[in-house]
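Quick notes on the structure that follows.
Just so you know, all these numbers are worked out from the coordinates, no wet-lab data involved. None of the values given here were measured: they were computed from a predicted structure. Every residue, glycine as well, gets a Cβ built from its backbone with ideal geometry; the counts of neighbours run over all protein chains shown.
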């Protein structure tokens, strides 16, 4: 344990975010997703989010930013984290299997014109992959937030893909929350 370790960790985080800033293609994808999220909200539809572990926590965090507020007072925006209803999660997991915990909720809650944001550092979380597939069949736009790892299934399914420029889980998660905060800021800037 040392100050050098702390500095190296902070620098790795900065370097990853700098790589994101320097990649115009990734930033343009982020802008497209923010515009999509804004249009979904303006159309009276909802944003759904899902993920596992830290990505589940990020789903809850971002849904709360939309429902409450991010940086300015405005009307509430329809968003739901599919990771929060323990009764639904455990019933679905028990009766249908863990791979169905998000897709089954989408079948019941999702409507054409909604948006699903699936978050996975690997891009291969089976329950998130399944959720993206079910959402697409229902006319729900899909976004995958993933890391820069090869062979991610989510990248091949989602309508839009936001890739954190790292293979390190912590750095990926840090970029995911930065990207999602930026989306919240952009959507909020166009709200009433």
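Between the alpha-carbon centres of region 94-153 and region 1-49 there is a gap of 20 Å. Calculated over region 88-156, the projected area of the Cα convex hull averaged across directions stands at 4.3 nm². Given a 10 angstrom Cα cut-off, can you work out which residue in 43, 135, 79 is the most mobile in a GNM of the chain? Residue with maximal mean-square fluctuation among 43, 135, 79: 43.
By the beta-carbon count within 10 Å of each Cβ, the least crowded to most crowded order of 160, 96, fewest first, is 96, 160.
Panel values: region 1-66, Kirkwood radius from alpha carbon pairs, Stokes-Einstein at 10 °C and 1.306 mPa s, translational diffusion coefficient 108 µm²/s.
Relative to the longest principal axis of the Cα atoms of the chain, helix 169-189 runs at roughly 60 degrees. Rounded to the nearest 10 degrees, what's the angle between the helix 3-21 long axis and the longest principal axis of the chain, both from Cα atoms, 0 to 90? So the helix axis and the longest Cα principal axis differ by about 60 degrees. The residues 126, 17, when put in order of fewest to most other Cβ atoms within 10 Å, stand as 126, 17.
Within the listed set 13, 55, 122, the residue fluctuating most in the Gaussian network model of the chain (springs between alpha-carbon atoms under 10 angstrom) is 13.
Counting Cα-Cα pairs of region 13-189 in 10 Å increments starting at 0 gives whole-percent bin shares of 11, 41, 37, 10, 1. For the chain, the longest principal axis of the Cα atoms and the long axis of helix 86-96 meet at an angle of about 70 degrees.
When 179, 1 are arranged by Cβ crowding within 10 Å, least crowded first, meaning fewest neighbours, the order is 1, 179.
When the chain is treated as a Gaussian network with alpha carbon springs shorter than 10 Å, the biggest mean-square fluctuation among 132, 116, 30 belongs to 30.
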